[in-house]
1. Name every residue in segment 20-41 that is of a type in the set (A, V, I, L, M, F, W, C) and either closer than 22 Å to Val115 by Cα or part of a loop (DSSP other than H, G, I, E, B) (or both), in order of residue number.
2. Among the candidates Thr183, Thr169, single out the residue that is over 24 Å from Asp36 (Cα atoms) and surrounded by 21 or more Cβ atoms within 10 Å (Cβ to Cβ).
3. Give the residues of segment 50-79 that are surrounded by fewer than 22 Cβ atoms within 10 Å (Cβ to Cβ), part of a loop (DSSP other than H, G, I, E, B) and of a type in the set (Gly, Ala, Ser), sorted by residue number.
4. Would you check which residues across segment 80-113 are under 14 Å from Thr59 (Cα atoms) and either assigned to a helix (DSSP H, G or I) or among the β-branched types (Val, Ile, Thr) (or both) and list them?
5. Tally time: how many residues in segment 141-192 are small (Gly, Ala, Ser) and either in contact (Cβ under 8 Å) with a residue 40 or more places away in the chain or assigned to a loop (DSSP other than H, G, I, E, B) (or both)?
6. Between Lys138, Lys150, which is at pLDDT 95 or above and surrounded by 13 or more Cβ atoms within 10 Å (Cβ to Cβ)?
Amino acid sequence: MTNNPRYTLGTEANRIFMASETYELLKFGKGFPAPDGGSGWLNADGTLDPSHGVETWITSRMAHVYSIGAMLGYLGAGELADAALKGLTGILHDDEHGGWYPQVFADGTHAPGKVCYAHAFVILAASSALLAGRPGAKELLDEALATYDKHFWNDEIGLAVDTWNTEFTELDPYRGLNANMHTTEAFLAVADATGDNAYRVRRTHGGGGGKRRYQRGRKGYNYLLRPLLCRARIAHNAFRL
């Protein structure tokens, strides 16, 4: 254990340290936008790796992070959030069947299926963008919530289903706790952004029994992006007066 005040929440040294870390992480990720909007995996130097195409969950996280960056006053963060939102309203959106593709490759083809995990992150992205005052955020949030309510949320048991086929006609029987965890996060963000307490009630409804009812599946994640997401959240909380 260390007594270094940089690592003690609430100290002035910690606030300065977190501000510096947040700045460096936002600086590292600023090269994420793909040419048509959205984001994919980043290389170790922060440049976009085009071999993975663009992905909805990564794009949504970037919209979330840079919306926070805009609220913290990071120069250019609002425009970077807009670049992520462009991907969510453009190339990653399924204009025929609704919802969002998990991934779109460089040749324009997309990964199959519609997954709860990615759609929960679209809700989070739109909620944060709305708080940051980004154009189109309200419309994106309205559509994301409508899509989620129609296809993923099961109000009877207070939990979400996991995976549909691309056309939303066949539902996989698997139920995943990870998607419901991020749904909880998304619903709390909606309540903060809109003031609609119904989403806090939903979170309470679904949160208690999720572990008992659902079996958690293995999930990988982008180790380059995860610290950016988590530390931006920590810094956002640390900056609250």
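1. Selection gives Phe32, Ala34, Trp41.
2. Just one listed residue meets the conditions, Thr183.
3. Gly73, Gly76 - these are the residues of segment 50-79 that are surrounded by fewer than 22 Cβ atoms within 10 Å (Cβ to Cβ), part of a loop (DSSP other than H, G, I, E, B) and of a type in the set (Gly, Ala, Ser).
4. Those that are under 14 Å from Thr59 (Cα atoms) and either assigned to a helix (DSSP H, G or I) or among the β-branched types (Val, Ile, Thr) (or both): Leu80, Ala81, Asp82, Ala83, Ala84, Leu85, Lys86, Gly87, Leu88, Thr89, Ile91, Val104.
5. 6
6. The match here is Lys138.
The values are calculated or read from the model by the stated rules, or taken from the named source; none is laboratory data. Values in this document were obtained by computation on a predicted structure and should not be read as measured data. Glycine gets a Cβ as well: all are built from the backbone with ideal geometry, and neighbour counts include every protein chain shown.
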